[in-house]
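Written below as structure tokens is the structure these notes are about.
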Amino acid sequence: MARDGMSREEYEEYQKQMVEEKMERDAEFATKKAERACLRTCLRDKYRLPKSEQDEIMIQQAGDDVDVPEELIKMVDGDAPQEEDKTSMMENLQSMDMEQLKEKAQATFVEMKSKAEEKCTIM
């Protein structure tokens, strides 16, 4: 019973090895899928988006010991200082004189309109 020049024992060993490799690949694939689901969950939490049951199930199937790579965590957390920037920008706007801001905006608009009229004969 030789198949492709292998004895029966060699063939059975080959089949066993193929099954083990497939199980390892499947486990690695499941881990990667769980890592992606975890990252999506982090992003949903950050941007206050609705949760996904599918991602939650994927993480639970992986055993809840899924770690998102540090590089990706840094990317997710990298935008955190934006909220502080927004706060300081709002404080700056509140402290500005609204009349002065209005005059500057009006002057900029008039300047842009005059330049457009110079370049366009239709206007």
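In the full protein assembly as shown, how much of Lys51 is accessible to a 1.4 Å probe, in Å² to the nearest 10?
Approximately 140 Å² for this residue.
What is the spin-label model distance, in nm, from Val76 to Arg8 if the labels are put 7 Å beyond Cα along the C-beta direction?
The two pseudo-label positions are separated by 5.4 nm.
Please get the size of the charge dipole for the chain, origin at its Cα centre, with Cβ charges of +1 on Lys and Arg and -1 on Asp and Glu, quoted in debye to the nearest 20.
Values: 20 positive and 32 negative charges, 161 e Å.
Here the chain has a charge dipole of around 780 debye.
Given a cut-off of under 8 Å on Cα pairs at least six residues apart, what relative contact order in percent is computed for the chain? Write out the running numbers ahead of the final one.
Numbers: 43 pairs, mean separation 21.4, N = 123.
Answer for the chain is 17 percent.
At 1.306 mPa s and 10 °C, plugging the Kirkwood radius over alpha-carbon pairs of region 13-82 into Stokes-Einstein gives what diffusion coefficient in µm²/s?
Values: Rh = 13.7 Å.
Value of D from the Cα-based Kirkwood radius: 116 µm²/s.
From the phi angles alone, apply the Karplus equation (6.51, -1.76, 1.60; θ = phi - 60°) to region 22-34 and give each ³J(HN,Hα) in whole Hz, x where the residue is Gly or Pro.
So the J values, rounded to whole Hz, are 5, 5, 5, 4, 5, 5, 5, 5, 5, 5, 4, 4, 5.
Can you compute the equivalent ellipsoid semi-axes for the chain, i.e. the square root of 5 times each eigenvalue of the Cα gyration tensor, sorted largest first and rounded to whole Å? It would help to have the intermediate numbers written out before the result.
Working: eigenvalues 805, 109, 25 Å².
They are 63, 23, 11 Å, listed largest first.
Report Glu91's accessible area, 1.4 Å probe, all protein chains in place, as a number in Å² to the nearest 10.
110
The values are calculated or read from the model by the stated rules, or taken from the named source; none is laboratory data. All values reported here derive from a predicted model rather than from experimental measurement. All Cβ positions, even for glycine, are placed from backbone atoms using ideal geometry, and neighbour counts span all protein chains on display. Side chains are part of the model used for accessible areas, which takes the heavy atoms of the whole protein and leaves out ligands, DNA and RNA. Shrake-Rupley method; radii C 1.70, N 1.55, O 1.52, S 1.80 Å.
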